[in-house]
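A short worksheet on the structure shown next.
No lab work stands behind these numbers, since they all come straight from the coordinates. Bear in mind that the values here come from a model prediction, so they are computed numbers and not experimental data. Here the Cβ positions follow ideal geometry from the backbone for every residue, glycine too, while neighbour counts run over all protein chains shown.
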Amino acid sequence: MRTRLPLLIPFLLLAGSASALAASIQPTPEPGLWLSDSTTLINGVDLHAKLREARDAMLESIPQEQRSLVAQMLDNATDANQKRCITQELAQQLTDPDALLADAHKQMPGCEFSIEQHGDDRLAFNGTCNNKDGFTGTMQGETQMISSREMRSSFTGEGTYQIPEQTAPGLAEQLNGPVKVTHRETSTWSASACGDVPVEMAH
C-alpha cells in the first residue's frame with residue numbers, strides 16, 4: 001500500500017487501490033501510528049538490498065561532511081520497515097473504492113484493472129499496464145483487512161520495465177528489461193499518537 005520507491009509506484013498504488021469498483025472492505029483501519037514491513041523481489045533479487053548497495057556507492061562519492069544528512073534521507077527510501085501516521089479521513093479513504101480509484105487513475109495513467117471481492121475484508125485484482133516510461137505487463141494480487149489494526153497486501157507482476165537513470169541511480173541499467181516482481185507487505189497499528197512521524201494526509 002505504499003509509493004515509497006519510484007520503481008514500484010505502479011505496483012504499490014494498484015495494491016493500495018485494489019478496492020476500486022467494489023464495495024468498501026471492512027473493518028476500517030484505526031487512526032494513529034502504523035508500522036509496515038515489506039519484502040519486494042525483482043527477478044528474484046531483494047530490491048531493498050539492491051537499494052542499500054546503491055546507497056553505499058552514492059555515499060562514497062560525496063564529501064564526508066555531507067554523508068550523515070544524505071545517509072538519513074536515503075535510509076528513509078531504502079528501509080523495508082516504514083512508519084505511517086494515518087488520520088481518520090485517510091483511514092476511511094483506504095477502504096473507499098471511489099477515492100482509491102480516483103487516486104489510482106491520477107497517478108497510474110496507462111493501467112487498467114478488474115476487481116473481485118472475497119467476503120467483507122478481502123479484494124483480489126488483475127491488471128495490465130502499458131507505460132513507455134515505466135512498467136508494461138500484467139499483475140495480480142490482493143489486499144485484506146485482517147482487523148482494524150492489521151492490513152496485508154501482496155501482488156506479482158510480470159512484463160518489462162523502462163525507467164530513466166535519474167529515477168533510480170545505479171539501478172536502471174540492472175532492472176530495465178524483462179522483470180518479474182513479487183511483493184508482500186503487512187501493516188500493523190502501533191499507537192494512537194504518532195510522535196515525530198509526519199501526518200499522512202488524505203488525497
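Rounded to the nearest whole Hz, the Karplus-based 3J(HN,Hα) values (6.51 cos²θ - 1.76 cosθ + 1.60, θ = phi - 60°) of the stretch 24-39 follow the sequence 4, 8, 10, x, 6, x, 6, x, x, 8, 10, 10, 10, 10, 9, 10, with x at glycine and proline. Other residues whose C-beta falls under 9 angstrom from the C-beta of Val197 contribute a net charge of 0, scoring Lys and Arg +1 and Asp and Glu -1. Between amide H atoms placed 1.01 Å from N, distances below 5 Å from Glu150 occur with Trp189, all of them 5 or more places distant or on a separate chain. Summing charges over all other residues whose Cβ lies under 11 Å from the Cβ of Ser147, with Lys and Arg as +1 and Asp and Glu as -1, gives -1.
Distances between placed amide hydrogens fall under 5 Å for Val197 paired with no residue 5 or more residues away or on another chain.
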